[in-house]
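The values are calculated or read from the model by the stated rules, or taken from the named source; none is laboratory data. The model shown is predicted, which means the values in this text are computed figures rather than measured ones. Reconstructed Cβ throughout: ideal geometry from the backbone, glycine too, with neighbour counts over all protein chains shown. Note: accessible area is taken over every heavy atom of the protein model, side chains too, but ligands, DNA and RNA are not part of it. Shrake-Rupley method; radii C 1.70, N 1.55, O 1.52, S 1.80 Å.
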Amino acid sequence: MHRRHVVAIAAIATLAASAFTAPAWAQSNDIRIAHIYSKTGPLEAYGKQTQTGLMMGFDYATGGTMMVNGHKLVVIEKDDQGKPDLGKSLLAAAYADDKAALAIGPTASGVALAMLPVAEEYKKILLVEPAVADSITGDKWNKYIFRTGRNSSQDAISNAVAVDKPGVTIATLAQDNAFGRDGVKAFKDAIKKAKVVHEEYLPPATTDFTAGAQHLIDKLKDQPGRKIIWIVWAGAGNPFKIVDLDLKRYGIEISTGGNILPAMAAYKSLPGMEGAAYYYFGIPKNPVNDAMVSMHYKEFKSPPDFFTAGGFSAAMAIVTALKKTGGDTGTNKLISTMEGMSFDTPKGKMTFRKEDHQAMQSMYHFKIKVDPAFAWGVPELVHEIKPEEMDIPIRNKR
């Protein structure tokens, strides 16, 4: 009796051990990736596009298997709601509790800046997509930060290409946050021939632009030559309403970068407007973009948008790196692999610059055309601005 009791206990212990070790082994073979983004909040539209693009990108890059070198990719979604403190705690939980090998996100620059020290504390990679502020790969950067999204300098320098001409006077309109202020600073730094006479910053949630527009008009109306208001804006609110204040009466034009398709409906009232875009589905000509456009139409019966391309690019970067490391997720191994690494994206080839891990990438100088077949102003390509045509400053003092 005693012997049977001992055998039974031993059998239970063996079963218990196998119950714990089998899932643990399966789990350890997975590569867990956290995606922390604005699933809700002011930039919800951007965040959802990024998530769509990310999952499509993983599907494409792994040939539909979600496997790299025998390891299953598991994506853990977390909603930072656009709140810096929440993003910070979610990233810590992803690294510590969810055992994420690396993380992607967030949507908002303010959230990204709060998250950077967490990546450094846990010594794990944070691939920033799509937060834009220069300071992310600038003075707040650390070696665990990579970015597939464009930065403020890439936005600004490409937009300067479109409007920086002798005899041009510019005033800027931006949100009073890291995205807006970094964007304007980079734009001013890039302007060499035109002159910038005023900067107008408004609260991020502004809906009435009348007072701000009046300041801009007052600064520009008596200037000689070509006069431009350059707008850098994200999320809610439609700053293009200032066109209704009869800017033409003062000879004032609008210039801005690309945006999501719903926001570009406002561009229909601005035929001929020039600017520079990060992405528009009809511009890049390459197999990856063709595949993403086809996948998106198949699933959603609509074209992929601005931030879909970013999520797709982030997935391409991660799978390229993991294939090169043979599925090894050791941070130092990933860093040494990704520094200087080139990878294919819907925008063509991107390369992580060694000095600050910013992805060098093309931007697109466009002119708006009105086409009745589209609900938005269509950005027609004037010139693809290649990475080597833009002198993107290294701001991290590495």
Got a number for residues in segment 161-181 being part of a helix (DSSP H, G or I) and of a type outside the set (A, V, I, L, M)?
3
Please determine whether any residue of segment 322-329 is open to solvent by 20 Å² or more (accessible area, probe 1.4 Å), modelled with pLDDT of 95 or more and assigned to a helix (DSSP H, G or I).
yes
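To keep it simple, each residue is scored yes or no on (1) farther than 13 Å from residue 53 by Cα; (2) of a type in the set (D, E, K, R); (3) under 20 Å from the mean Cα position of the chain (by Cα).
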position: 246; (1), (2), (3): yes, yes, no
position: 253; (1), (2), (3): yes, yes, no
position: 259; (1), (2), (3): yes, no, yes
position: 262; (1), (2), (3): yes, no, yes
position: 274; (1), (2), (3): yes, yes, no
position: 311; (1), (2), (3): no, no, yes
position: 316; (1), (2), (3): no, no, yes
position: 320; (1), (2), (3): yes, no, yes
Kindly indicate whether any position in segment 176-185 is in contact with a strand residue (DSSP E or B) (Cβ under 6 Å, 6 or more places away or on another chain), more than 21 Å from residue 231 (Cβ to Cβ) and modelled with pLDDT of 95 or more.
no
Just to be sure I understand, how many residues within segment 289-309 are of a type outside the set (S, T, N, Q), open to solvent by 10 Å² or more (accessible area, probe 1.4 Å) and more than 18 Å from residue 381 (Cα to Cα)?
9
Quick one: count up the residues across segment 340-398 that are under 22 Å from residue 260 (Cα atoms), outside any strand (DSSP E or B) and either open to solvent by less than 50 Å² (accessible area, probe 1.4 Å) or in contact with a His (Cβ under 6 Å, 6 or more places away or on another chain) (or both).
7
Take the residues in segment 178-200 that are of a type outside the set (A, V, I, L, M) and in contact with a helix residue (DSSP H, G or I) (Cβ under 6 Å, 6 or more places away or on another chain), then tell me which one is nearest to residue 272 (Cα to Cα).
187
Among all residue pairs at least 6 apart or on different chains, which show Cβ distances below 9 Å where the first residue, located in segment 284-296, is over 17 Å from residue 349 (Cα atoms) and the second is open to solvent by 70 Å² or more (accessible area, probe 1.4 Å)?
295/60
What tally of residues in segment 96-113 results from selecting those that are touching a helix residue (DSSP H, G or I) at 6+ places or on another chain (Cβ under 6 Å) and within 11 Å of residue 36 (Cβ to Cβ)?
7
(1) within 26 Å of residue 306 (Cβ to Cβ); (2) open to solvent by 30 Å² or more (accessible area, probe 1.4 Å) all hold for residue 98 apart from (1)
